[in-house]
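Engineer: Supplied in structure tokens, the structure appears directly below.
Every number here is computed from the coordinates shown, using simple stated rules; none is lab data. Just so you know, these numbers come straight off a predicted model, no measurement behind them. Please note: Cβ atoms are built from the backbone with ideal geometry, for glycine as well, and neighbour counts cover all protein chains shown.
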Amino acid sequence: MEELVALCKRRGFIFQSNEIYGGLQGLYDFGPLGVELKNNIKQSWWASMVYDRDDIEGLDASILTHPEVLKYSGHEDTFSDPMVDCKSCGERFRADQVPDYCKEEDLTEPRQFNLMFKTNVGPIDDGTNFGYLRPETAQQIFTNFKNVIDSTSRTLPFGIAQIGKAFRNEITPRNFIFRVREFEQMELEYFVNPGSDDEWHDKWVELRLAWWDEQGVPKEKIKLLNVEGEELAHYSKRTVDLMYEFPHGLEELEGIANRTDFDLGSHSKNQEDLDIKAKVVKNSSSNAKLAIQEQDTQKWMIPFVIEPSAGVERAFLAILNEAYKVEELDEGKTRVLLSLKPHLAPVKAAVIPLKKNNKDLVDLAYKLKNKLQSMKLGRVVVENTGNIGKSYRKHDEIGTPICITVDFDSLEKNKVTIRDRDDMSQETLEIDQVSSFFQQKISG
Ligand code: ATP
């Protein structure tokens, strides 16, 4: 973990947030390379959900959430962790995460601590006009269910996907970006006919494992955990957690839950007419019927929902951890390598003029860069340091799949040298062929 944290800071992937004022715990900022990797992860998830399939629509809902949404969802009452205070060190911990150095007799009885951030909404601050920063993106998918159905004429099964910020006032944020207070989730709510829910649940576990594999986190590295007993959320019929061996231990990367008809049932009006299977609180506030009309019987019913929910930060950490390698080279030398999949690499190619102060070389490098950039496959940079070895080392370390060196042969014979990140092999290519080579390398 220390090596990953150091690399992230050194190269500009991740910085501690508010650092110049001493920092705020559980918050991180994504730097010039971090924002690229993060965007690429989200883009890959979005493409696999919304573009590659024909049964999923996207959504981008508000972060500030009406208190009633989180009342009926159960978050106001149940979204809490038991917490203890240690009288000796003065710190507060989650009851199941007390460090060894605290003695049992120094701990207070566990108390429930709600994890939601509450904030004032509007100009009057009298405690009655408040909203929550959403603790998960899911709820606003449910509240928009009717809007999406009405505007798209979807029939079952179909899904709504959303990527966005979520906030949890975690008692003990830790392990770098693994457990933070502000993070992003990539959530799909996939609505199915009751009765087909178990089958769809298993299918989504397989589909998600395949996606992780494509991001460089192989199936063999993920253990499936059937969540049981008290750990199982009150709304869930069954939850399968994808557990990954993070640098600090085996922990949840993604949760895939069968939330039954609990959420739509909880937020719907006319609940008594809808044969809701889950135990829901009577809703007297909602003005929408969150149900779907069965095609053959014309009867209104509430679908079940399967929810694959992954955190972007945990994805980032797992992907980085899998890609990070320290390789032994000749003469006792080593190199740090990030073998990121090309579609995730923050920089897709670096164009390096052999000499820093040679105008012809630098101009040609920028010309080539602009040409590759216009292909819109991701960021391309000119690395104008005049030190080829150093440039290669830097781009190995940040995972750039190819470096393209422009030298005097480029000016005279229209040729450049392409160096591969993974095997360090070099080949000469006509400048005219660079675009198609690049396309092939990055998008396969
Ligand atoms: P944990 O048990 O680790 O607290 P959870 O079961 O509360 O996680 P979910 O509510 O299932 O998590 O959230 C779905 C996903 O959101 C998780 O799999 C994880 O990737 C991400 N996530 C949840 N809480 C955090 C957090 N505090 N920091 C970063 N990512 C998080």
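Engineer: Set the Förster radius R0 to 56 Å, insert the Cβ-Cβ distance between residue 174 and residue 295 as r into 1/(1 + (r/R0)^6), and round the FRET efficiency to 0.05.
Structural biologist: Plugging the Cβ-Cβ distance into 1/(1 + (r/R0)^6) gives 0.65.
Engineer: OK, next. May I ask which residue of 211, 16, 74 lies farthest towards the positive end of the charge dipole of the chain, with charges of +1 (Lys, Arg) and -1 (Asp, Glu) on Cβ and the Cα centre as origin?
Structural biologist: 16
Engineer: If you rank 235, 190 by fewest surrounding Cβ atoms within 10 Å, what's the result?
Structural biologist: Least crowded to most crowded, the residues run 235, 190.
Engineer: Along the charge dipole of the chain, pointing to its positive end and built from +1/-1 on Cβ of Lys, Arg, Asp and Glu, which listed residue (195, 276, 222) has its Cα farthest out?
Structural biologist: Toward the positive end, the furthest listed residue is 222.
Engineer: How would 282, 289, 87, 118 line up from fewest to most surrounding beta-carbon atoms within 10 angstrom?
Structural biologist: Fewest-to-most ranking of 282, 289, 87, 118: 282, 87, 118, 289.
Engineer: Nearest 0.05, what FRET efficiency do residue 198 and residue 219 give at R0 = 25 Å with Cβ-Cβ as r?
Structural biologist: That gives a FRET efficiency of 0.70.
Engineer: What does the extension gain come out to for residue 20 and residue 279, with contour length at 0.36 nm per residue minus their alpha carbon separation?
Structural biologist: Going from the current span to full extension adds 88.4 nm.
Engineer: Got the relative contact order for segment 82-150 handy, in percent, Cα pairs under 8 Å and 6 or more residues apart?
Structural biologist: Normalised by residue count, the contact order of segment 82-150 is 24 percent.
Engineer: Just rank 309, 73, 17, fewest to most, by other beta-carbon atoms within 10 angstrom.
Structural biologist: 17, 309, 73
Engineer: Also, quick follow-up: Compute the FRET efficiency between residue 339 and residue 385 as 1/(1 + (r/R0)^6), taking r as their Cβ-Cβ distance and R0 = 30 Å, and round to the nearest 0.05.
Structural biologist: Step by step, r from the Cβ atoms, then E = 0.85.
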